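Comments concern the structure below.
The values are calculated or read from the model by the stated rules, or taken from the named source; none is laboratory data. Being a predicted model, the structure only gives us computed values, none of them experimental. Cβ: placed from backbone, ideal geometry, glycine included. Neighbour counts: every protein chain shown. Surface areas here come from the heavy atoms of the whole protein model, side chains and all, with no ligands, DNA or RNA. Shrake-Rupley method; radii C 1.70, N 1.55, O 1.52, S 1.80 Å.
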Amino acid sequence: LPTPTEPPPESLAPDARGVLVLGAGDLGRVGGRDPQQYLEPVRQAFASHARGETVLPLKPYLYAPGPDHHPADRIIAMPAHVGGVSGLKWIGSKHDNPTARGLPRASAVIVLNDPATNRPIAILEGALISSMRTAAASLVASQLLARSDSATVAIVGCGVIGQRHAEAFTQCWPALERLVLHDVETSRAVELSEFLSRRGAVDVDVAADAEAAARAADILVTCTVGASPYVERSWLSPGSFVANVSLVDVTEDVFTSVDKLVVDDWDQCNREGKTIHQLTTRGVLSREDLYAELGEVVVGTKPGRENEEEIILLNPMGIAITDVACAHLLYRAAVAAGVGTWFDLEGTE
Ligand SMILES: NC(=O)c1ccc[n+]([C@@H]2O[C@H](COP(=O)([O-])OP(=O)(O)OC[C@H]3O[C@@H](n4cnc5c(N)ncnc54)[C@H](O)[C@@H]3O)[C@@H](O)[C@H]2O)c1
């Protein structure tokens, strides 16, 4: 709770009754498709988290009953308070949306609330922000945990999150010379490779399997919807950095043998039967084995990479402070630019 000496927060809303609705097109008009735009709010969110300035309740996972339950069939409520603003990402996922329905796996809305009144002031399309902030978190982590001369980035899983990472590394990682892509659906890796090759910024290769991709990588990013781990310790080169974005891909052996294990938030990672949760439940891993939360490295209370040899694993559960921080930035930009559609929440009859 705030101390009584704190001044009351100022309203962010230009119109006390208005709610600004921002679709993906609106977000694109205020920089929402530019990977660079997301780096600073994401970095700042991690820094605030390390300084204890955020509120981040554990996110509930809603699994509707049904046959053949897949772990990626869920809706997650992700509330957070960061940078003086509260908000919620409500993100739904069905693993077979792309293959069975031609729809993205994930879809979302983000609601921002005015700090002065706690009223909702904006509803933003959330899947774009979510995917962009996920890639931004991997970039911010790479700047601290990867070798700065990492020239080859491998991406396993070439759906939306894999594409965002490919774009973000292409645009924001100066040392990048070569992208290596792999997807169980080879056509997806080929399609992404052709898209990136048309831009011509880097060499792009499609790997026949995940092992070939991982062995080539200075930086390895997993972006699959696989159900079981497959990235083995022996595939990782000395000095490599792994961002285990899809959370189930890296084998337990990697978690227990890397030089540094980093997470975004330890409590959030210890849930939903993800690998860290399984390892702590069995007593194989504990908080003492964790090197750092990423925010501690961002603010410098823990050093990042310390030599050219260490293998570092980031396990980013995905935390709502990054969504709210990025949504806040885009909301401000949209208000300033007059972008979006306003509606009166209570309305008139
Ligand atoms: N940690 C985070 O912050 C965060 C944030 C957003 C999404 N995610 C995760 O990222 C993953 C990808 O999301 P998406 O929206 O891109 O999904 P998507 O369905 O669009 O793409 C997933 C891709 O992975 C491929 N794939 C599945 N299993 C594979 C395997 N074993 N090897 C290689 N390729 C494989 C699929 O063919 C598909 O192209 C999901 O698991 C999601 O939960 C994590």
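Residue by residue, here is whether (1) open to solvent by less than 30 Å² (accessible area, probe 1.4 Å); (2) among the hydroxyl-bearing types (Ser, Thr, Tyr) holds:
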position: SER131; (1), (2): yes, yes
position: LEU139; (1), (2): yes, no
position: CYS158; (1), (2): yes, no
position: GLU177; (1), (2): no, no
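Got at least one residue in region 273-288 being assigned to a helix (DSSP H, G or I) and either closer than 15 Å to ALA146 by Cα or touching a Lys or Arg at 6+ places or on another chain (Cβ under 6 Å) (or both)? Among the residues of region 273-288, at least one is assigned to a helix (DSSP H, G or I) and either closer than 15 Å to ALA146 by Cα or touching a Lys or Arg at 6+ places or on another chain (Cβ under 6 Å) (or both), which makes the answer yes.
Among the residues making up region 229-254, those that are of a type in the set (Ser, Thr, Tyr) and within 8 Å of the ligand (Cβ to nearest atom) are TYR230, SER246. So if I check each of LEU181, LEU196, which one is in contact with a strand residue (DSSP E or B) (Cβ under 7 Å, 6 or more places away or on another chain), farther than 25 Å from THR251 by Cα and either among the hydrophobic types (A, V, I, L, M, F, W, C) or within 15 Å of the ligand (Cβ to nearest atom) (or both)? Selected residue: LEU196, the only one of LEU181, LEU196 that is in contact with a strand residue (DSSP E or B) (Cβ under 7 Å, 6 or more places away or on another chain), farther than 25 Å from THR251 by Cα and either among the hydrophobic types (A, V, I, L, M, F, W, C) or within 15 Å of the ligand (Cβ to nearest atom) (or both). You will find that of THR224, THR251, the residue that is without any contact (Cβ under 8 Å) to a residue 24 or more places away in the chain, of a type outside the set (A, V, I, L, M) and open to solvent by 10 Å² or more (accessible area, probe 1.4 Å) is THR251 and no other. Check whether at least one residue in region 116-129 is of a type in the set (Val, Ile, Thr), within 16 Å of the ligand (Cβ to nearest atom) and crowded, with 21+ Cβ neighbours inside 10 Å, and report yes or no. Within region 116-129 (the criterion being of a type in the set (Val, Ile, Thr), within 16 Å of the ligand (Cβ to nearest atom) and crowded, with 21+ Cβ neighbours inside 10 Å), the answer is yes, since at least one residue qualifies. Only a single criterion out of (1) within 11 Å of the ligand (Cβ to nearest atom); (2) out of contact with any Phe, Trp or Tyr (no Cβ under 6 Å at 6 or more places or on another chain) is not satisfied by LEU62, namely (1). Working only within region 315-337, note down all residues that are under 17 Å from the mean Cα position of the chain (by Cα) and either of a type in the set (A, V, I, L, M, F, W, C) or on the phi > 0 side of the Ramachandran plot (or both). Once the filter is applied, which keeps residues that are under 17 Å from the mean Cα position of the chain (by Cα) and either of a type in the set (A, V, I, L, M, F, W, C) or on the phi > 0 side of the Ramachandran plot (or both), region 315-337 yields MET317, GLY318, ILE319, ALA320, ILE321, VAL324, ALA325, CYS326, ALA327, LEU329, LEU330. For ALA146, are the conditions met, namely being open to solvent by less than 20 Å² (accessible area, probe 1.4 Å), within 13 Å of the ligand (Cβ to nearest atom) and not β-branched (Val, Ile, Thr)? Here the answer is no, as ALA146 does not meet what is asked.
Set side by side, the residues ALA212, ALA217, ALA201 differ, and just one is within 23 Å of SER142 (Cα to Cα), away from the ligand (no atom under 11 Å from the Cβ) and modelled with pLDDT under 95, which is ALA201.
Restricting GLU288, GLU309, GLU272 to residues that are over 22 Å from LEU236 (Cα atoms), of a type in the set (Asp, Glu), away from the ligand (no atom under 14 Å from the Cβ) and surrounded by fewer than 20 Cβ atoms within 10 Å (Cβ to Cβ) narrows the list to GLU288.
For LEU314, are the conditions met, namely being within 16 Å of the ligand (Cβ to nearest atom), modelled with pLDDT of 95 or more and either open to solvent by less than 60 Å² (accessible area, probe 1.4 Å) or not in a helix (DSSP H, G or I) (or both)? In short, yes. Residues in region 188-208 that are free of Cβ contacts under 8 Å to residues at least 12 places away in the same chain and touching a His at 6+ places or on another chain (Cβ under 9 Å): there are none.
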